[in-house]
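> Before we start, here is the structure in question, set down as structure tokens.
Only the coordinates and a few stated rules stand behind these numbers; no lab work does. All figures in this text were calculated on a predicted structure; none of them were measured in a lab. As a convention, Cβ positions derive from the backbone with ideal geometry for all residues, glycine included, and neighbour counts pool all protein chains shown.
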Amino acid sequence: MRGIVSDHELTSPSTLQETLALLSDDPGEVRPIAGGTDVMVELAAGVLRHRRWVNIWQHDELRGIGVGEDTITVRALTTYSEVRAHDVLSREFPMLGQAAAESGAWAIQNRGTIGGNIVNASPAADTPPALLVYDAKLILLSSRGERVVPYRDFHTGYKQMQREPDELLSGVVLPRDPWLVGPDSRALQRYRKVGTRKAQAISKVCLAALGVVEQGKVVVFRLAFGSVAAVPLACTAAEAVAVGSAADATLADRVAAALTGQVLPLDDVRSTARYRARVAENLAREFATDLANGLTGFAR
Amino acid sequence: MSESPAQSYLRLSVNGVAREVSVHPMTRLIDVLREDVALTGTKEGCGEGECGACSVFIDGVVVNSCLVPVAQVVGTENVTVEGLADGDTLHPVQQAFIAAGGAQCGICTPGMLIAAVALLRDNDEPTEDEIRVALAGNLCRCTGYGRIVQSVVDAATLVRATKGAGA
């Protein structure tokens, strides 16, 4: 059934301070809406449960990408198109650009935001696996001040997260570790999205991974998936198994064995649990094998 | 209780014309365009950002108008398919779609035109792959993609010729 717009309320404060005040006046009562690419779908479908919304699209201070010496800050209203078009970001954090390029078609990429992709908290979202692998931090802003949360700790359950009701996600901070993402990095980075078609599809499974091998040993191994658990999943067990171990022909088997406790997909409209678990394992094995074989750089 | 009224007077610019509408601020842009501004060229297909039939330009950027609350287009320049032609002269993309049979039932056509105009603005010599990527968010239920892609190829030729002549 069609949603009825007058069942909802939308306010558009002109200043960020007013927005933060609205969020803190009645914590949990008011929710932010940015590019609308998730919220408006629910509105049209008649399944938007939340009543009171605050428009944050006009807050330009939440827009843009800041390149610092040691970090890059992608502010929350930065669109997928802006992520894709940014030179430094595309060069050093190619998985993020790839995730943005595979999130919907151009019209969605022009409107959907990185902040929305995170706080909508869909386990099928495309940028979270890349952000987990890059060990991003989130900046949460409220009228009480600002705090920084490691992204790996942020999602605590299905659509559950560490954001307090009065907090607004204002940006994502990516560490520019030259060893991992600089021009001289010896890392292998990979982002793979598996969906029903190349464009527009929502993931059945998506993988982001980064690894570094030195003198035959795995020194960095980061692996994350979308659509295989209740949250965007960092495969910490597989990471622990791989790091410090030999980058040899057994790496893929050891990584695959460590996935079983964490990769717990569901059957739903987009795919089956069995298919997802198998594809996730295949993608992880492929990455581990390529890493052990000495591949470096970014590959899809 | 909330003091914000259900309806607001909003000022919009559509195809260069200033409009004032009295609508709920969360109303979808497509509904305002079709029902309040009476421009019915923009079509609704899926209502969830999959089909692209509702594509319009906001400040020159292609968006799905079914996903934009109207409050977010106050102060922006909005262009619909009705705004592509220059008076009685159709946009080269429109001319090419007519000549090459790029429209069948016509529901996807406004969105296809907007997406094609956006592509050719930045790239007037696109490859077929680039055209297919640019139109990937626009679904044609008649599946007339061959003619649609050909229309964009032809439109690119027209655009280049126009630029050459105008130089």
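> Would you list, by chain and number, the lysines whose Cα falls below 16 Å from the Cα of A:Lys193, excluding same-chain residues fewer than 8 positions away?
A:Lys204
> Partner chain Cβ atoms within 10 Å, averaged over the residues of A:39-47 - can you pull that number for me?
Across A:39-47, the average partner-chain Cβ count within 10 Å equals 5.
> Taking 2.2 N^0.38 Å as the expected size of a compact globular protein, what ratio does the Cα radius of gyration of region A:1-84 give against it, to two decimals? Walk me through the intermediate numbers first.
Details: Rg = 15.0 Å, N = 84, 2.2 N^0.38 = 11.8 Å.
The reported ratio for this selection is 1.27.
> Can you return the aspartates and glutamates within cross-link range of A:Lys217? Criterion is Cα-Cα under 13 Å, with same-chain partners fewer than 8 residues away left out.
The reachable aspartates and glutamates, counting only those whose Cα sits under 13 Å from A:Lys217, are A:Asp248.
> I've got another one for you. When all C-alpha to C-alpha distances in region A:112-209 are sorted into bins of 5 Å, what percent of pairs does each bin hold, rounded to whole numbers?
Over region A:112-209, the share of Cα pairs per 5 Å bin runs 2, 12, 20, 23, 17, 14, 9, 3, 1 percent.
> Identify, among A:Leu16, A:Val228, A:Ala201, the residue whose Cα sits farthest towards the positive end of the charge dipole of the protein assembly as shown, taking +1 on the Cβ of Lys and Arg and -1 on the Cβ of Asp and Glu, with the dipole about the Cα centre.
Of A:Leu16, A:Val228, A:Ala201, it is A:Val228.
> May I pose another question? Nothing charged except the Cβ atoms of Lys and Arg (+1) and of Asp and Glu (-1): what's the magnitude of the dipole of the protein assembly as shown about its Cα centre? Round to the nearest 20 debye.
On the way: 44 positive and 54 negative charges, 254 e Å.
Around 1220 debye, computed over the protein assembly as shown.
> Check every DSSP H run in chain B and write down those whose alpha carbon atoms cover 18 angstrom or more along the long axis and whose mean Kyte-Doolittle hydropathy is 0.0 or greater.
Values: long enough: B:109-122 (20 Å, 1.19); B:145-166 (31 Å, 0.35).
Helices meeting the criterion: B:109-122, B:145-166.
> Now, a different point. Hey, any idea what Rg/Rh is for region A:184-299, computing Rh the Kirkwood way over Cα pairs? Each step should come with its number before you reach the end.
Details: Rg = 13.9 Å, Rh = 14.2 Å.
Answer for region A:184-299: 0.98.
> Please give, to one decimal in nm, the separation of the simple spin-label points placed at B:Leu90 and A:Ala246, each 7 Å out from Cα toward the Cβ.
Simple spin-label model gives 7.0 nm for this pair.
> In straight Cα distance, which aspartates and glutamates are under 19 Å from A:Lys159, not counting same-chain residues fewer than 8 positions off?
By straight Cα distance, A:Lys159 reaches A:Glu29, A:Asp38, A:Glu42, A:Asp126, A:Glu167, A:Asp267, A:Asp268.
> Sticking with this one: Which value results when the Cα radius of gyration for region B:70-134 is divided by 2.2 N^0.38 Å? Write out the running numbers ahead of the final one.
On the way: Rg = 13.2 Å, N = 65, 2.2 N^0.38 = 10.7 Å.
Dividing the Cα Rg of region B:70-134 by 2.2 N^0.38 Å gives 1.23.
> Which of the DSSP-defined H helices in chain A satisfy a minimum axial length of 20 Å, computed from C-alpha atoms, and a minimum mean Kyte-Doolittle hydropathy of -1.0? Please list the in-between numbers first.
Working: long enough: A:273-292 (28 Å, -0.43).
Span-like helices here: A:273-292.
> Another question about this same structure. Which value at 222 nm does chain A reach when only helices count, each DSSP H run of 4 or more adding -39,500 (n - 2.57), with the total divided by all residues and rounded to the nearest 500 deg cm²/dmol? Numbers along the way, then the final one.
Details: 12 runs with 94 residues, N = 300.
Helix contribution divided over all residues of chain A: -8500 deg cm²/dmol.
> If you build the convex hull over the alpha carbons only and average its shadow over all orientations, what do you get for region B:92-166? Give it in nm² to one decimal. Intermediate results must be reported in sequence, preceding the final value.
On the way: hull surface 17.3 nm².
For region B:92-166, the mean projected area of the Cα convex hull comes to 4.3 nm².
> At 7 Å along the Cα-to-beta-carbon direction for both B:Asp122 and A:Arg31, put a label point, then send me their distance in nm to one decimal.
In this crude label model, B:Asp122 to A:Arg31 measures out at 3.1 nm.
> Within 10 Å, count the other beta carbons around each residue, average over each peptide in A:213-219, B:132-138, and list them highest first. Please list the in-between numbers first.
Working: A:213-219: 14.4, B:132-138: 21.4.
Taking the mean over residues of other Cβ atoms within 10 Å, the ranking is B:132-138, A:213-219.
> Need one number: the % of Cα-Cα pairs in chain A sitting beyond the 31 Å mark. Write down the numbers at each step before the final one.
Details: 12860 of 44850 pairs.
Percentage above 31 Å: 29.
> Positive end of the dipole of chain B, charges at C-beta (+1 Lys, Arg; -1 Asp, Glu), about the Cα centre: which of B:Pro126, B:Val149, B:Val56 has its Cα farthest in that direction?
In chain B, that residue is B:Val149.
> If I model a spin label at A:Asp153 and A:Thr289 as a point 7 Å from the Cα along the Cα→Cβ vector, what separation in nanometres do I get?
3.8 nm
> Next up: Output the peptides A:285-298, A:119-132 sorted from most to least packed, where packing is the average of other Cβ atoms within 10 Å over each peptide's residues.
Numbers: A:285-298: 17.7, A:119-132: 24.4.
So the peptides A:285-298, A:119-132, ranked by packing, come out A:119-132, A:285-298.
> Next question. What is the Å³ per residue value for the convex hull set by the Cα atoms of chain B? Provide the component values of the computation, followed by the final result.
Working: hull volume 19.7 nm³, N = 167.
It is 118 Å³ per residue.
> Along the Cα-to-C-beta direction of A:Asp7, a point sits 7 Å from the Cα; which residues of region A:49-67 have their amide N less than 20 Å from that point?
Flagged as within label range: A:49-55.
> Per the Kirkwood definition applied to all pairs of different Cα atoms, how many angstroms is the hydrodynamic radius of region B:8-83?
Working: mean 1/r = 0.0838 Å⁻¹.
Kirkwood hydrodynamic radius for region B:8-83: 11.9 Å.
> Here is a follow-up. What number, rounded to the nearest 500 deg cm²/dmol, is the helix-based mean residue ellipticity at 222 nm of chain B, given -39500 (n - 2.57) per DSSP H run of at least four residues and division by all its residues?
Numbers: 4 runs with 52 residues, N = 167.
Per the formula, -10000 deg cm²/dmol.
> Which of the listed residues, A:Thr289, A:His59, A:Val213, is farthest toward the dipole's positive end in the protein assembly as shown, when Lys, Arg count +1 and Asp, Glu count -1 at the beta-carbon?
After comparing all options, I get A:Thr289.
> Given springs between every Cα pair under 10 Å in a Gaussian network model of chain A, which of A:Leu22, A:Leu48, A:Leu180 has the largest fluctuation?
Result for chain A, Cα springs under 10 Å: A:Leu48 fluctuates most.
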